[in-house]
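K.L.:
Sharing a structure below in structure tokens format, with a few things to ask.
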Amino acid sequence: MARITPIRQQKTKAHTRGVRREKLKIALVLGGGGLKGFSHIGVIRALKELDIDPTAIAGTSIGALIGAAHAKGMDV
């Protein structure tokens, strides 16, 4: 991985000036595993606090249930 030197950082900043950035697309992938799956509620709460809204939600087992509830609009 290349180190970011002050010169490289200046080039990066100059290159991105005036460039409109697109909104990032983020997928939330939730796993299964009984009680471990309930930790996903904390992850969803943290994402809300950071104002990050995933564009796609996928899950398996308990993660699918919690993901479906979140996608439907159920409050944390």
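K.L.:
Looking at the range 53-62, is at least one residue open to solvent by less than 40 Å² (accessible area, probe 1.4 Å) and either at pLDDT below 90 or part of a helix (DSSP H, G or I) (or both)?
P.N.:
yes
K.L.:
State all residues of the range 1-31 that are at pLDDT 90 or above and either in contact with a Gly (Cβ under 6 Å, 6 or more places away or on another chain) or open to solvent by 90 Å² or more (accessible area, probe 1.4 Å) (or both); if no residue qualifies, say none.
P.N.:
If the condition is that a residue be at pLDDT 90 or above and either in contact with a Gly (Cβ under 6 Å, 6 or more places away or on another chain) or open to solvent by 90 Å² or more (accessible area, probe 1.4 Å) (or both), then V29, L30, G31 are the ones that fit.
The values are calculated or read from the model by the stated rules, or taken from the named source; none is laboratory data. All of these numbers come straight from a predicted model, not from anything done at the bench. Backbone-built Cβ (ideal geometry, glycine too); neighbour counts: all protein chains shown. Heavy atoms of the whole protein, side chains included, go into the accessibility calculation; ligands, DNA and RNA do not. Shrake-Rupley method; radii C 1.70, N 1.55, O 1.52, S 1.80 Å.
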